[in-house]
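One structure below.
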Amino acid sequence: MINQNNDSTILTLNEQLLLDQISTLGNIGHEGSNKGRTRIALSDDEKLGRDQIVSWMKELDLDIQIDPIGNIFGTLNSNNQENQPLMMGSHIDTVKNAGALDGCYGVLSGLAVIRAFKDAQMLPSRPITVVAFTNEEGVRYQPDMMGSLVYAKGLELKTALATVGTDGTILKDELERIEYYGTFDSSKLIPFKYLELHIEQGPVLDSDKKEIGVVENLQGISWQKITIEGKANHAGTTPTRLRHDAGLAASLINVFVRDIALTTGTTLATIGALELEPNVINVIPNKVTFSLDIRDPNEQKLLDAEEKVKEYLRKLEIQEKVKISSQSLARFKPVQFDEKLASDIQESCDKLGFSNQRITSGAGHDAQMISRIAPSAMIFVPSRDGISHNPKEYTPDEQLIKGAKILLDVVLKHTK
Ligand code: HGY
Ligand code: MN
Ligand code: MN
């Protein structure tokens, strides 16, 4: 018997199974004690995570497809197969020493929504697809949000496949090695709408004591790799005036970008990865390579910050007698999400009685790429103390369930 009235009071989430799956996936790549888990994109541990997602999709009897960048699509068919799918997604790759929720929560909640349809023996009015996108974090292969960017035609597949990782590996080789170099032509699967449920990863909802964030926009992101070449010399015999100190120059750049952030009050700047050469205690570094992550919700301010950095690098070359080069790794403008879908989310919060507020996403997400090809929006739940990209990332179970209930309610609105 297929119940066609699709009333959310009949559809219920298997809450415990969702929480159990978050914990099971969170154990894959776990490094023990308080080190969290590490599932860098296309690594052996991430393959184990992928295999786990695929097996849970099989349990739900979904139509599973892998595309040539390794995106994993699981689709619940409907009685109107010709309708475009309602899509939910996120990612299961992580940064180093990560929490259990970033990305995984959204993918597993998508599966929980589909499970609610299966448990109630309800066929949606359109297919429902859950996607785990490849390489959202961009830790090993830049840019980040790579799988969703290729899917949204913002990056050529062959360019992505040829990407050289920070470890010297070629992305396509690794995709083949973990057996996720798929053949599915995902350009045929354009979503009707896209929803992504995610932890906020910042402090706003937690400090404002709100249960749900209705994400209306996402800030601009600029990633670059900066290389400084100086001159190695003896730490004990080289007078300061004769130094070509690449390490010093890098430190000055860090202070400079912090000043930009303090001046605008909205720009954020981070040097997250840095390598000194020869990296020994008594040698002035002759080379430093580091990442520079600059973000701002306002495109003009982001452009201004990039311009200021460029000018400062030229000035520093003369001042410190070093050579400085920079290579762009990722550049995404701020994104406005679909207002109709955002108000659907807000309406569901009000109906279910969950406190909520509009919010800007500080983090990058696959939704920002999918918004190029379909109306997209995001639902946030609070991160305790705003902590994320850290094993201490935490959201209470009851909060995770509230987020999944909103996801289910909004999906139902579009699949009746
Ligand atoms: O960098 C980001 O904001 C995302 O986590 N990839
Ligand atoms: Mn994420
Ligand atoms: Mn992340």
What are the ³J(HN,Hα) couplings of the stretch 355-364, residue after residue, when phi is run through the Karplus curve with 6.51, -1.76, 1.60 and θ = phi - 60°? Round to Hz, x for glycine and proline.
4, 7, 8, 5, 8, 9, 8, x, 8, x
Among TRP56, ASN135, ALA120, which residue has its Cα positioned farthest towards the positive end of the charge dipole of the stretch 51-141, with +1 placed on the Cβ of Lys and Arg, -1 on the Cβ of Asp and Glu, and the dipole taken about the Cα centre?
ALA120
For LYS35, the lysines lying under 26 Å Cα to Cα, once residues fewer than eight places off in the same chain are dropped, come out as LYS47, LYS96, LYS392
Antiparallel as a % of all DSSP beta bridges within the chain, to the nearest 5?
70
What shape does the stretch 266-310 take by its C-alpha gyration tensor, where a ≥ b ≥ c are the square roots of the eigenvalues and a/c under 1.5 counts as rounded, a/b above b/c as prolate, and the rest as oblate?
prolate
Ordering VAL283, VAL288 by how much accessible area each has at a 1.4 Å probe, largest first, what is the list?
VAL283, VAL288
Contact order normalised by length for the stretch 62-167, with contacts defined as Cα pairs under 8 Å and 6 or more residues apart; what percent is it?
32
Relative contact order, percent, of the stretch 18-66 when contacts are C-alpha pairs under 8 Å separated by at least 6 residues?
23
In debye, nearest 20: dipole of the chain around its Cα centre with unit charges on the Cβ of K, R (+) and D, E (-)?
980
Per-residue HN-Hα couplings for the stretch 134-148 [Karplus 6.51, -1.76, 1.60; θ = phi - 60°; Hz; x = Gly/Pro]:
6, 6, 6, 6, x, 6, 9, 10, 9, x, 7, 6, 5, x, 6
Mean residue ellipticity (222 nm) of the chain, computed from DSSP H runs ≥ 4 via -39,500 (n - 2.57), nearest 500:
-11000 deg cm²/dmol
Take the alpha carbon atoms of the stretch 252-286, find their center, do the same for the stretch 299-376, and report the distance between the two centers in whole angstrom.
21
Over what distance in Å are the Cα centres of the stretch 6-56 and the stretch 160-237 separated?
19
Cα-based reach from LYS210 at 17 Å (exclusive), listing aspartates and glutamates while leaving out same-chain residues under 8 positions away:
GLU200, GLU347, ASP350, ASP385, ASP397, GLU398
Let me have the relative contact order for the stretch 142-206, percent, based on Cα pairs under 8 Å that are six or more residues apart.
18
On a straight-distance basis, which aspartates and glutamates could pair with LYS301 in a cross-link, Cα separation under 17 angstrom, same-chain partners fewer than 8 positions away excluded?
ASP259, ASP293, GLU311
What order do THR166, THR227 take when sorted by accessible area (1.4 Å probe), most exposed first?
THR166, THR227
Explain nothing, just compute: Karplus ³J(HN,Hα) = 6.51 cos²θ - 1.76 cosθ + 1.60, θ = phi - 60°, for every residue of the stretch 77-90 in order, whole Hz, x for Gly and Pro.
6, 10, 7, 10, 4, 7, 6, 5, x, 7, 10, 10, x, 4
Reported to two decimal places, what Rg/Rh ratio describes the stretch 106-179 when computed on Cα atoms with Rh from the Kirkwood expression?
1.13
Largest to smallest accessible area among LEU302, LEU155 [probe 1.4 Å]
LEU155, LEU302
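The values are calculated or read from the model by the stated rules, or taken from the named source; none is laboratory data. Note that the coordinates shown come from a computational prediction; the quantities given were computed from them, not determined experimentally. Every residue, glycine among them, receives a Cβ derived from its backbone with ideal geometry; neighbour counts consider all protein chains shown. What goes into the accessible areas is simple: the full protein's heavy atoms, side chains included, and nothing from ligands, DNA or RNA. Shrake-Rupley method; radii C 1.70, N 1.55, O 1.52, S 1.80 Å.
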